[in-house]
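Here's the structure, in structure tokens; my notes come after.
Read the figures in this text as sums done on the coordinates, not as results from a lab. Everything numeric in this text was worked out from a predicted model, so none of it was measured. Cβ atoms come from the backbone with ideal geometry, glycine included; neighbour counts cover every protein chain shown.
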Amino acid sequence: MSVTETASDIAAIEDNLHRVRERIAAAAIKAGRRPDDVTLVAVSKTKPVEAVLAALAAGQTVFGENRVQEAEAKFPQLRAGHRFRLHIIGGLQTNKARDAVRLADVIETLDRPRLADAVAAAIAKEGRTPRLLIEVNTGDEPQKSGVVRADADGFIDDCKGRFGAALVGLMCVPPLDQEPRPHFEWLADRAARHGLGVLSMGMSADFEVAIACGATWVRVGSAIFGHR
Ligand SMILES: *Cc1c(COP(=O)(O)O)cnc(C)c1O
């Protein structure tokens with residue numbers, strides 16, 4: 001990305017955020033829900049700290065990053081002057097669990113027993129417990145992170161036992177080449193069955209559909225920060 005492209009992207013962030021918030025509110029109302037039922041997670045992956053600062057200046061307080069290393073490079077320095085919550089939303093390697101627990105307020109991507117072990121150990125060592133979501137690979141795509149559908153119930157029960165109230169919900173990223181709605185509906189049904197209140201689903205292309213299906217968190221990147 002060129003310097004001028006970056007500058008114009010940053011100049012557009014406040015307007016983009018305003019528009020996305022309006023669309024979220026409209027989608028919530030259309031679904032018979034309250035606009036403040038839906039939390040906007042602004043996904044700043046690949047974007048510079050200046051972009052995060054522009055979003056903070058526009059009142060955004062919840063951010064998502066895919067990679068622990070990138071989150072570590074951008075966010076801790078901002079804690080002194082700003083109040084925000086940081087979500088890790090990308091597939092997590094076991095050896096990054098401790099950094100994630102130290103850095104993040106929310107880890108959205110628990111997806112296998114070995115990672116749950118590593119996160120539990122990190123919580124004990126760091127003395128800090130982020131809120132946790134389980135990522136479900138609702139499309140059962142081999143290359144993707146997330147627990148496959150068939151193993152979801154068992155893994156959810158396992159994590160409930162292990163993490164208790166810190167486990168708050170489910171997250172998914174539907175296959176790119178499919179209608180997202182059935183995936184969102186499946187996830188909403190699964191969360192309801194397990195009594196989990198948080199549903200993290202919907203991105204720039206489909207957050208309104210996700211809100212219609214019950215999303216409580218939407219993770220929106222390019223509609224706010226520009227193309228990557
Ligand atoms: C990148 C990403 C997003 C945001 O995607 P956009 O299409 O840019 O809104 C949301 N969730 C996850 C897990 C992502 O990796």
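Points worth noting:
- Scattering profile of the range 7-225 at q = 0.16 Å⁻¹ [log10 I(q)/I(0), Debye over alpha-carbon scatterers]: -1.10
- On full extension, the segment bounded by T94 and S8 gains 27.2 nm, given 0.36 nm per residue less the C-alpha separation.
- Label-to-label distance, R34 versus R19, with points set 7 angstrom from Cα along the beta-carbon direction: 2.9 nm.
- Among L199, L115, L187: highest mean-square fluctuation, GNM of the chain, C-alpha pairs under 10 Å: L115
- Here r is the Cβ-Cβ distance between D151 and D117 and R0 is 25 Å; the resulting FRET efficiency, rounded to 0.05, is 0.95.
- Burial ordering of S200, S145, fewest other beta-carbon atoms within 10 Å first: S145, S200
- From the alpha carbon centroid of the range 3-71 to that of the range 193-209 is 16 Å.
- Lysine pair count for the range 7-225 (Cα-Cα distance under 25 Å; residues 8 or more apart in sequence or on different chains): 13.
- J(HN,Hα) series, the range 146-156, from Karplus relation 6.51 cos²θ - 1.76 cosθ + 1.60, nearest Hz, glycine and proline x: x, 6, 5, 3, 4, 9, 5, 4, x, 5, 4
- Residue-averaged 222 nm ellipticity for the chain, from DSSP H runs of 4+ at -39500 (n - 2.57), nearest 500: -14000 deg cm²/dmol
- Spin-label pair E126-R83: with each label point 7 Å from Cα along the Cα-Cβ axis, the two points sit 2.1 nm from one another.
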